[in-house]
Amino acid sequence: MTKPMRVVMMAIGCGLAAFAAQSAVADAPESVDELVEMLSSDDGAVRLEARNNAAEFGPEAVEPVTALFDHDDRNVYIAAKWSLRNMVHHSARPDADEADQAAMAEALAGLLDEDQPERVVHEALYLLGLCGTEDQVPAIAEWLNDSATVDAAAAALVRIPGDAGLEAMLDAVDGAEGDVAVSLIHAIAQEEGAAARDRLEELAESDDDTIAEAAAKALSIRDLRVDYEG
């Protein structure tokens, strides 16, 4: 081995040893308060340990963790966001207890408040698409009339099993205009069944050119998908 290569290998070895020593300092959090404290740390290894163990926590950690979304340190925000996702994915895993998943969904729905930062609302809507049920549809539907949140809210409703999500979007599209109407139309087009197609056909005859064009395009894409999927 050449001398330059030995120097490089020694440097890498020292770096790995330092990282291992740093990582060994952090123990898994044992309470919500400790989880929040570790996520708020300026030590990346501590934040990572907290994030990797966040799935062990339930709905009681949702609000304290999302409070960190507005932290001055972007690294803390990122750690908090992925910790929340770990918690939700764990609650929505195939063998999860239904009561635990329902409690997590309710905790997320509780974040859908105008006083929350926009990034919190968007994340809650996204995650409700993973673990939400028809019980959360009314809370999600409240965000269908805002151009800043309609896409996230509609995406969540499309993912939630049952007909309540489609019904909420069909109600919201009545009287909707501009970008909000277009977003709702394309979300409705993702739904199966006659009700979605019938409404799109009605909208394709709208006097509003923007709505009519969006509905016609959505119908075309929807029919192509249906034909492809058989």
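Okay, here's what the table says:
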| read-out | value |
| --- | --- |
| Residue in the stretch 148-171 that is over 22 Å from A194 (Cβ atoms), surrounded by fewer than 17 Cβ atoms within 10 Å (Cβ to Cβ) and of a type outside the set (G, A, S) present | no |
| Single residue of the stretch 178-200 satisfying the filter (of a type outside the set (A, V, I, L, M, F, W, C) and exposed (fewer than 13 other Cβ atoms within 10 Å of the Cβ)) that is nearest to A148 (Cα to Cα) | G178 |
| Which listed residue, of N75, N86, is polar (S, T, N, Q), within 13 Å of the chain's Cα centre (by Cα) and at pLDDT 95 or above | N86 |
| Which listed residue, of D100, D95, is more than 17 Å from P29 (Cβ to Cβ), in a helix (DSSP H, G or I), of a type in the set (D, E) and at pLDDT below 95 | D100 |
| Which listed residue is touching a Gly at 6+ places or on another chain (Cβ under 7 Å), at pLDDT 95 or above and not polar (S, T, N, Q), from A164, A105, A80, A153 | A105 |
| Lone qualifier among E114, E213, E202 - being of a type outside the set (S, T, N, Q) and either assigned by TED's automatic domain parsing to the domain that holds A102 or at positive phi (or both) | E114 |
| Tally of residues being over 16 Å from the mean Cα position of the chain (by Cα), at negative phi and outside any helix (DSSP H, G or I) across the stretch 147-169 | 3 |
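This table checks each residue for (1) at pLDDT 95 or above; (2) among the β-branched types (V, I, T); (3) not in a loop (DSSP other than H, G, I, E, B).
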position	(1), (2), (3)
D171	yes, no, yes
L184	yes, no, yes
E192	no, no, no
E202	yes, no, yes
A216	yes, no, yes
L219	no, no, yes
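The values are calculated or read from the model by the stated rules, or taken from the named source; none is laboratory data. Because the structure is a prediction, the values reported are computed rather than measured. A quick note on method: Cβ atoms are made from the backbone with ideal geometry, for glycine too, and the neighbour counts reach across all protein chains shown.
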